[in-house]
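The structure under discussion appears below in the form of structure tokens.
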């Protein structure tokens, strides 16, 4: 029996997402020290283990009744926004109005708020089957630092891409955010260099990586975008990330301020290529889709956030066909109001089938397996990783198992893999990251005191709302349709 070895066996189906897209009935996988060494049928792996006593697993997981898939990859998130869920989304605010309403609340955040919100959001994500998470933290008031989320993610046991966000152009300079949540650009770049030196791990199977992520065209300068790109490209495997082409308001802002559309603006700054990924990309033209594909630029599709803020539907099918790398993201927990990545996969499938004006509805346009690929292999590609998103020898032992013998999947055994997406999304029965259990029997790992976290989280969030004088329960903005008042 060797080291940290693990055998998962008797999965109803093991979805490998390997080059042949094998789906193995009565499937099994064997890993050692967080890396997969063998994948196959349960009988074949038992024979393989028997051939060498040193392979005897330290732990065996019985996956009967489960479909096992590669761990889900979340390419874009704002973990801190769990603190302000359902603020502005209920009555219906579009992105710019929603941001303006929430900036004053987020300005009340501090180190403890970043820590606890990171833990809450990651717990919810791991329960949904997510094993790798990219987080975009872009405001740092009251002593908050990216370190607070990195430290929390390490303790939670998730594979983490921490993107150092930034805002430097406030209202006084024609930007959207209030000046008090913006930073000096020299300080931003200095902190980016510090974080790369302290935390970034470019090696295969890394648990922590840093990316540089100026927030958006309407909150940073062209100089900061250029200098961030130069800094990132002076280090190995440090990628670039920002929001782009999310709304028509953003498009109008870019045309008015820069004389060009958002993608042309990004291109003019050197922000295209296989080390860049954009969140949203709802409004590219056909020519821009071709450019994104030709440059192998990454796109993170955030379907539920784009719906609730009425941003639109991203042309995922066209982007993939053009050659762009496309993955999935939950986006802010205060825009999607949730952290269920399998639910995002389902919504992505539904939106691409429904279509939009000028793009007719077609039920066969986007399959359930397309959606699962987006959430696994697609996300790995977006983050520039060839060691996750697939269950095969040499890949990280990141995987999730979902029960398909439960109430939600009753009658769905004709295609239990598709049922993960076509049926109502369920949480994972187990989630392993780096070969370590973070969810078992549908419950978060026992080293995470969830009730205590929730109480602490809600107390801190309520304090932020109170300090920002945000109206409490029952509020409706009297300026909006219906004329309701606070009660």
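Quick notes
- Over all Cα atoms in the range 130-276, the spread is summed up by Rg and Dmax: 15.2, 46 Å.
- The alpha carbon centroids of the range 253-281 and the range 201-229 are separated by 14 Å.
- With both labels modelled 7 Å from their Cα along Cα-to-Cβ, the residue 256 to residue 64 distance reads 6.5 nm.
- Solvent-free Debye scattering, log10 I(q)/I(0), computed from the Cα coordinates of the chain at q = 0.05, 0.12 Å⁻¹: -0.18, -1.05
- The calculated FRET efficiency for the pair residue 21 and residue 179, based on their C-beta separation and a Förster distance of 35 Å, comes to about 0.10.
- Ordering of 215-224, 6-15 by burial proxy (mean other Cβ atoms within 10 Å per residue, highest first): 6-15, 215-224
- Packing-based ranking, highest mean first, of 250-259, 103-112 given that Cβ atoms within 10 Å are counted: 103-112, 250-259
- Take 40-48, 156-164, 260-268 and order them by the average number of nearby Cβ atoms within 10 Å per residue, most first; the result is 156-164, 260-268, 40-48.
- Summary value for the chain: 19 percent relative contact order, contacts being C-alpha pairs under 8 angstrom separated by 6+ residues.
- Helix 341-354 axis versus longest C-alpha principal axis of the chain: approximately 70°, rounded to the nearest ten.
- Estimated from helices alone, the mean residue ellipticity of the chain at 222 nm is -10000 deg cm²/dmol (sum of -39500 (n - 2.57) over DSSP H runs with n ≥ 4, per residue).
- Cα long-axis angle, helix 222-232 against the chain (0 to 90 degrees, to the nearest 10): 30 degrees
- When DSSP beta bridges are restricted to pairs lying wholly in the chain, around 45% turn out antiparallel.
- Rounded, prolate or oblate (a/c below 1.5 giving rounded, otherwise prolate when a/b exceeds b/c) for the range 226-339 by Cα gyration tensor: rounded
- To the nearest ten degrees, helix 450-467 and the longest principal axis of the Cα atoms of the chain are 10 degrees apart.
No value in this document is a laboratory result; all are computed from the given coordinates. Remember, it's a predicted structure, so these values are computed and weren't measured experimentally. As a convention, Cβ positions derive from the backbone with ideal geometry for all residues, glycine included, and neighbour counts pool all protein chains shown.
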